[in-house]
Amino acid sequence: MNQMKLTPEQIREWGASFNWRTMFTNSMVLMAQRDERIVYIAADLGRAFGYGTFMKKFPERTFNAGIAEQSAVSFAAGLASCGLVPYFVTFAPFAALRPCEQIKMDCAYAGYPVRIVGTDSGVGSCMGNTHYGYEDAGVMCAIPEMTVISPCDATEIFKAVEALADYPHPAYLRIFGGDIPMPVYTSDYNFEIGKAVVLKKGKDVTLAACGNMVTSALSAADLLGKEGIDAEVINVHTLKPLDCPTILNSAKKTGLVVSIEEHTVCGGLGTQIADCLAAASPCARLYKIGLPDTFPLTITHRENWLKNFGLTPKAIAETVKKQLK
Amino acid sequence: MARPAPEIREKITKSAAQLRRDCLHMTKMGGSAGGHVGPTLSCAEIVSTLYNGVLRFDPKKPDLPGRDRMLLSKGHAVQALYSALCRSGFFPESVLDTFEGIDSPLAGHPPAHGVPGIDFPTGSMGHGIPVGCGMAAAAKLKGQNYIVYVVTGDGELNEGSMWEGVMLAKKYKLDNLVIIVDHNGLQHDAETDVIMPSLDLAAKFKAFGCNTVSVDGHDVDELYDALTSVAKNGAPTAIIAKTVKGKGVPFMENVVGWHHNCLCTEDYEAAIKAIGCGEESK
């Protein structure tokens, strides 16, 4: 299926009006109109993502498994084995961890194109540790033949949903809750699963980010630029398969790669990049910025978590300056 | 009661005996790797009735979209499936000799690739019913009339995901889903009554909204009748088949240790003698 042509007005509207959850559902509606194989599976959290919009248009292609994520994934695999393209959608910890074995055996090992969509990942809510998606991407990366995508803004959410319609492999799509940060893309572009995007060229340091941290990386690059540090910013929307050539190309030029993700430093983007750099001739040092290997024990707003964990643009810029010394 | 025609009945009965011989043969060929003999022998009539009197399929076209699906959710009884597929023409007899051997496609549980006729890989307990629900729901969505049969173990019903699947089946009115429970009363560590009591499985499935029937799992007439009389009333069907683990070989019957074991020559010969040589004996 050809990529839908997007206008700057459409991209601007998406970036200004919707939050991540709603943008995902709108993307699903747009795609389901073009592809009758697409099916939406909820686990009693459909209303959180506005799935009513999808259900109203495609009632026969909307399923709600109730609070039963394991059978929901197996059910999705059964549908996929018969030619359908199911997207199973719920909060990240319930999407990736609870049905992990079903994802591994029924989707990845069996080889069926099920899309597991984990929303509200990171520390995006006040609901406490049960609802934080800390390690979801890393766990999914560890499953053989699983693709892991973390889109950076509203446009890229749509692009990912679109690209996954025809993609023959099982995949995990990582979406954040809350409001969409400053949009990264202002005009249409060619999205390719597994192909990282160099958003800003630079020579002093590589900032490799995914998801909502791409915006933060761009803002950090601006701050660094004011101090004469020329940062290269790469949107690594696909954690697996990682676009190692693009990372290495940048790493050889700058000598320092800083990975930035709202995910534990164990197993996510930083770890994937570490594997890539370690296998090549020594060319760059890696410093990982992400959620620490500990459970946050108090409840606070996401903005405070980002400050605490060094994930704001200002904190990122300060970390980069320290690493460059 | 819908009895099978005499020639079908004979075919099913002979097939069940051949399945038992094939199971013993594969276990012997598996050497120290052994095989899940007890669980395979308990579902011999169930699987034979399905493959010789019920399922619609074409061994030359294993991916036919409109074929009935058979999920051996109790995937450790894979030797029953291998025998049924081989004898139905999906692959040659010589492949059975390679069971669990190096480079063999015949793994100890139904694999995802390499064996024609396997509708879905299984072996980790608790997947068959919800996967089957997906297949049955796809049929409804696409207007196809194939039926999905899921053979489960009673121990396997310890897994909550199976009951999640039953709830899904009832909710989505999957009357094209048939669950057959190989109710042999044993699981890996001991009797089900000791490990996790099944209690009244028929009552449980009925409470979950299924059309439920209890049969003698070794009576071909009862199995055939239950499998061919599936009600199309918007509810899934559950057939509780009372069986004996290790059925057909007296020294294996109801013995926990024959859940999985190797077969020495002496035991193999005694077991084959108990089942009878038949025309195609190994």
Within the range B:85-94, the residues that are open to solvent by less than 30 Å² (accessible area, probe 1.4 Å) and over 18 Å from the mean Cα position of the chain (by Cα) are B:Phe91
Picking from A:Asp222, A:Asp275, A:Asp230, A:Asp293, the residue that is surrounded by fewer than 17 Cβ atoms within 10 Å (Cβ to Cβ) and within 17 Å of A:Lys314 (Cβ to Cβ) would be A:Asp222
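For the structure I just gave you, tell me whether A:Val39 is within 14 Å of chain B (Cβ to nearest Cβ), crowded, with 24+ Cβ neighbours inside 10 Å, in contact (Cβ under 8 Å) with a residue 12 or more places away in the chain and outside any helix (DSSP H, G or I). Lay out the reasoning, then the answer.
Values: within 14 Å of chain B (Cβ to nearest Cβ): yes; crowded, with 24+ Cβ neighbours inside 10 Å: yes; in contact (Cβ under 8 Å) with a residue 12 or more places away in the chain: yes; outside any helix (DSSP H, G or I): yes.
So A:Val39 passes the test.
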Considering only strands (runs of 3 or more DSSP E) wholly within the range B:112-223, the ones with at least 2 residues that are more than 10 Å from every other protein chain (Cβ to nearest Cβ) and surrounded by fewer than 24 Cβ atoms within 10 Å (Cβ to Cβ) are B:211-216
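Would you please name the residue that is nearest to A:Asn190 (Cα to Cα), looking only at residues in the range A:1-11 that are out of contact with any Ser or Thr (no Cβ under 7 Å at 6 or more places or on another chain) and not hydroxyl-bearing (Ser, Thr, Tyr)?
First pass over the range A:1-11, keeping only residues out of contact with any Ser or Thr (no Cβ under 7 Å at 6 or more places or on another chain): A:1-5, A:7, A:9-10.
Next, only the ones that are not hydroxyl-bearing (Ser, Thr, Tyr) stay: A:1-5, A:9-10.
Working: A:Met1: 13, A:Asn2: 11, A:Gln3: 8, A:Met4: 10, A:Lys5: 10, A:Glu9: 17, A:Gln10: 16 Å.
Applying the filter and picking the extreme gives A:Gln3.
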Residues in the range A:67-82 that are more than 7 Å from chain B (Cβ to nearest Cβ) and either surrounded by fewer than 23 Cβ atoms within 10 Å (Cβ to Cβ) or among the aliphatic types (A, V, I, L, M) (or both) total 4
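I'd like to know if the range A:114-131 contains one or more residues that are polar (S, T, N, Q) and either modelled with pLDDT of 95 or more or touching a Ser or Thr at 6+ places or on another chain (Cβ under 9 Å) (or both). Walk me through how you get there before you give the answer.
Taking the range A:114-131 as the starting set, the residues that turn out to be polar (S, T, N, Q) are A:119, A:121, A:125, A:129-130.
Okay, now just the ones that are also either modelled with pLDDT of 95 or more or touching a Ser or Thr at 6+ places or on another chain (Cβ under 9 Å) (or both), so A:119, A:121.
Checked against the condition, which is being polar (S, T, N, Q) and either modelled with pLDDT of 95 or more or touching a Ser or Thr at 6+ places or on another chain (Cβ under 9 Å) (or both), the range A:114-131 yields at least one hit.
Looking only at the range B:59-69, decide whether some residue is of a type in the set (Asp, Glu), without any contact (Cβ under 8 Å) to a residue 24 or more places away in the chain and within 14 Å of another protein chain (Cβ to nearest Cβ).
Restricting attention to the range B:59-69, the residues satisfying the condition of being of a type in the set (Asp, Glu) are B:63, B:68.
Subset that is without any contact (Cβ under 8 Å) to a residue 24 or more places away in the chain: B:63.
Next, only the ones that are within 14 Å of another protein chain (Cβ to nearest Cβ) stay: B:63.
There is at least one residue in the range B:59-69 that is of a type in the set (Asp, Glu), without any contact (Cβ under 8 Å) to a residue 24 or more places away in the chain and within 14 Å of another protein chain (Cβ to nearest Cβ).
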Do we have any residue at all in the range A:177-185 that's open to solvent by 10 Å² or more (accessible area, probe 1.4 Å) and of a type in the set (Asp, Glu)? yes
A:Glu60 passes all but one of the listed conditions (1) within 14 Å of chain B (Cβ to nearest Cβ); (2) in contact with a Pro (Cβ under 9 Å, 6 or more places away or on another chain); (3) part of a helix (DSSP H, G or I); the exception is number (2)
Within the range A:83-108, of all residues that are away from chain B (no Cβ under 11 Å) and open to solvent by 10 Å² or more (accessible area, probe 1.4 Å), the one nearest to A:Phe176 (Cα to Cα) is A:Phe91
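The values are calculated or read from the model by the stated rules, or taken from the named source; none is laboratory data. All of these numbers come straight from a predicted model, not from anything done at the bench. Neighbour counts run over all protein chains shown; Cβ positions are idealised from the backbone, glycine included. Surface accessibility is based on the protein's heavy atoms, side chains included, excluding ligands, DNA and RNA. Shrake-Rupley method; radii C 1.70, N 1.55, O 1.52, S 1.80 Å.
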